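Comments concern the structure below.
The values are calculated or read from the model by the stated rules, or taken from the named source; none is laboratory data. All of these numbers come straight from a predicted model, not from anything done at the bench. Backbone-built Cβ (ideal geometry, glycine too); neighbour counts: all protein chains shown. Protein only, heavy atoms only, side chains kept; ligands, DNA and RNA dropped before computing areas. Shrake-Rupley method; radii C 1.70, N 1.55, O 1.52, S 1.80 Å.
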Amino acid sequence: MKNRLGNLKKSLPKHRVDAFLISSVSHISYLTGFSHFSTEEREAYLLVTRKKNYIFTDGRYSEAVKKEIKNCALVELGRGVSFGEALGNIKKTEKIRTLGIEENDLTVSEFRTLQKAGFKTTEVFLESLRIIKEDWEVKHILAACRLSDQAFDHVLKKLKTGVSEKEIAWEMELFIKSHGGQLGFESIVAFGKNSSVPHHHTGETQLGKKDGSFILLDFGARVRGYRSDMTRTIFWGKASEKQKKIYQAVFGAQKKAEEYITNNISKTVLASEVDRVSREYIKKEGFSDIPHSLGHGIGLEVHEAPYLSPRSKHGLERGMVFSIEPGIYTPGFGGVRIEDLYLLQKKNLKQLTGAKKGLIEL
């Protein structure tokens, strides 16, 4: 972690700033190794200057921060000391004028606090810091994938007539937590026609008789801060020919993307080209365009760089972990999405998620 902060400090001249103010929990965790701050509310900031590193937080975390973060000075907020005042004092001491900030993470109120303190701010994009995963990070992602694989096998046994989407989502959460993990994100469970909505809100819909209904499961686990993400679509009973055609088209689109990366692995593969290959295959099969990007990177967050989309500027490089998740959605009928995680290695593309994904009829 010391090297990560050191490398960021060295990049201050490159970004033409005197300091970085890091506000997102994922970047604070990545740079310090401390992953206990809440993602639901603002509990900390990290300030990296030319001389020192500072962690701003309140008394609830003081003891833990002192114990676990050795290369940052603690600035305790509360008890009459506001973030703006504390930051203003450091500004004077270290003569900070230009501050690099995460514009997409700060609130308007926080931005006004910086203006009031006299900072000149500029946006900096720190996602590139995390885009190449170290071996130990891949190990944690793989552990999360293994846990989600097991959760999928477990939940297949829980599907029965009368069970609701929410009950299946709870079964997945219970399994993941009882086996040492946390949810990677809020699970999506979609029965029947609900599967035509890519990000359906899991509800009270129940499985009926075995009529071939779609069952779409999009979920993940989190192990030591690192996440997995997987989608499987199965059928409650015998699938119709139309459903089989949709499923095979999605399965084929994912394979086309895999093959394109593998066949061009000796050179830089553009993420936008991978997206194009998969998208064109689905349209050639007679279906509407994918209504979302083909994939995304994953790690401390469920969506991070690189992004596999038509507008992506990323080239895929060794050490990147990302999803490939084509989908076909027909309103009023249903939808199919198949999603797996992959690690791009020097000589091959390694699939990290391992749950079965051939056409499953229960």
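Residues of segment 235-251 that are within 26 Å of R276 (Cα to Cα) and crowded, with 22+ Cβ neighbours inside 10 Å: I246, Y247, V250.
Here's a check for you: in segment 70-98, which residue that is closer than 22 Å to D18 by Cβ and among the β-branched types (V, I, T) is surrounded by the fewest Cβ atoms within 10 Å (Cβ to Cβ)? By that ranking, first place goes to T93. Among the residues of segment 176-206, the ones that are crowded, with 17+ Cβ neighbours inside 10 Å, hydrophobic (A, V, I, L, M, F, W, C) and out of contact with any Asp or Glu (no Cβ under 9 Å at 6 or more places or on another chain) come to 1 in all.
How about segment 69-94: which of its residues are within 34 Å of the chain's Cα centre (by Cα), assigned to a strand (DSSP E or B) and of a type in the set (A, V, I, L, M, F, W, C)? If the condition is that a residue be within 34 Å of the chain's Cα centre (by Cα), assigned to a strand (DSSP E or B) and of a type in the set (A, V, I, L, M, F, W, C), then A73, L74, V75, L77 are the ones that fit. Per this entry, F322 is counted among residues that are within 30 Å of K158 (Cα to Cα), open to solvent by less than 70 Å² (accessible area, probe 1.4 Å), assigned to a strand (DSSP E or B) and free of Cβ contacts under 8 Å to residues at least 60 places away in the same chain.
When residues in segment 99-116 are screened for being open to solvent by less than 30 Å² (accessible area, probe 1.4 Å) and either within 19 Å of K51 (Cα to Cα) or of a type in the set (F, W, Y) (or both), 3 of them pass.
In the condition set (1) outside any strand (DSSP E or B); (2) touching a residue at least 24 places away in the same chain (Cβ under 8 Å); (3) closer than 30 Å to F34 by Cα, E186 is compliant with all but (2). Scanning segment 337-362 for residues that are part of a strand (DSSP E or B), over 22 Å from H200 (Cα atoms) and open to solvent by less than 50 Å² (accessible area, probe 1.4 Å) turns up Y342, L343, L344, L349. Would you confirm whether any residue within segment 266-273 is farther than 26 Å from S195 by Cβ and among the basic types (K, R)? Yes, segment 266-273 has at least one match.
Of the listed requirements (1) within 20 Å of F125 (Cβ to Cβ); (2) among the small types (G, A, S); (3) surrounded by 15 or more Cβ atoms within 10 Å (Cβ to Cβ), G315 misses just one: (3).
Residues of segment 256-295 that are surrounded by 23 or more Cβ atoms within 10 Å (Cβ to Cβ) and not aliphatic (A, V, I, L, M): D275, S278, G295. Kindly indicate the residue of segment 9-64 that is in a helix (DSSP H, G or I) and touching a helix residue (DSSP H, G or I) at 6+ places or on another chain (Cβ under 9 Å) and also surrounded by the fewest Cβ atoms within 10 Å (Cβ to Cβ) among those meeting that condition. If we take residues in segment 9-64 being in a helix (DSSP H, G or I) and touching a helix residue (DSSP H, G or I) at 6+ places or on another chain (Cβ under 9 Å), then S26 is surrounded by the fewest Cβ atoms within 10 Å (Cβ to Cβ).
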